[in-house]
Amino acid sequence: MIALLAAALLAAAPAPAQGKPAAVRPAARGAARTAPDYRVDAAEVRYAFQRREVVFTGKPVTLTRDDAVLTCARLEAKNDEAGVIETAVCRGDVKLVRGERTVTCQTATYENAPARVTCDGAAVLRDRGTEAHGQRLVYELRTDEVKLEGGGAPVRITVPGAEVEQRRRELDAQRKERGK
């Protein structure tokens, strides 16, 4: 039987070299594994065995799940019996990057099972020059969809005029090309 994965990794991992981050990565549980890979890099890791809680610290702590990268100063995670992160709360200089999109906020909560990151407090989404501001942003990683809420205030979206005009020209050119 597999012991708590994080505990085994922490117990077996050598202490990080000066200036080198500690890394925790779940191991594959067989050939038919369907869960996405994730990795956590941090300068320091503390594990509370009885509570199945892991605290990662250092600037930055990085949680990478497939093509999404969540960074912050401190990440507090709860693990399941197998040692896989169920939830993780990121605080301090929070940033989520996926492709060309970047999200910043005060606190982010990663939920493994639904593949979701919820950003609370001054959430800002930047994508190709466009900025969207709100209080809460929910990023669904499986569907690559974002919901932005104002929390009583309006959501504010800024689209650069030059970008809109460029996209309009591209669409006009595509329509003309199809009309030939």
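State in Å² the accessible area per residue of region 38-175; use a 1.4 Å probe, count heavy atoms of protein chains only, and round to the nearest integer.
54
Sorting check: for 74-84, 45-55, which peptide has the highest mean count of neighbouring beta carbons within 10 Å, and how do the rest follow?
Highest to lowest by the protection proxy: 74-84, 45-55.
Of all the Cα-Cα pairs you can form in region 38-175, what percent are over 24 Å apart?
37
Long-range amide H contacts for LEU141: which residues qualify at under 5 Å (H placed 1.01 Å from N, peptide plane, sequence gap of 5 or more or a different chain)?
Residues meeting the amide H criterion: ARG116, VAL117.
For ALA73, what is the net charge nearby, where nearby means another residue's Cβ is under 9 Å from its Cβ and Lys, Arg count +1, Asp, Glu -1?
Taking every other residue near ALA73 into account, the sum is +2.
The values are calculated or read from the model by the stated rules, or taken from the named source; none is laboratory data. As the structure is a prediction and not an experimental result, all values here were calculated from the model. Heads up, the Cβs are rebuilt from the backbone with ideal geometry, glycines too, and the neighbour counts pull from every protein chain shown. Protein only, heavy atoms only, side chains kept; ligands, DNA and RNA dropped before computing areas. Shrake-Rupley method; radii C 1.70, N 1.55, O 1.52, S 1.80 Å.
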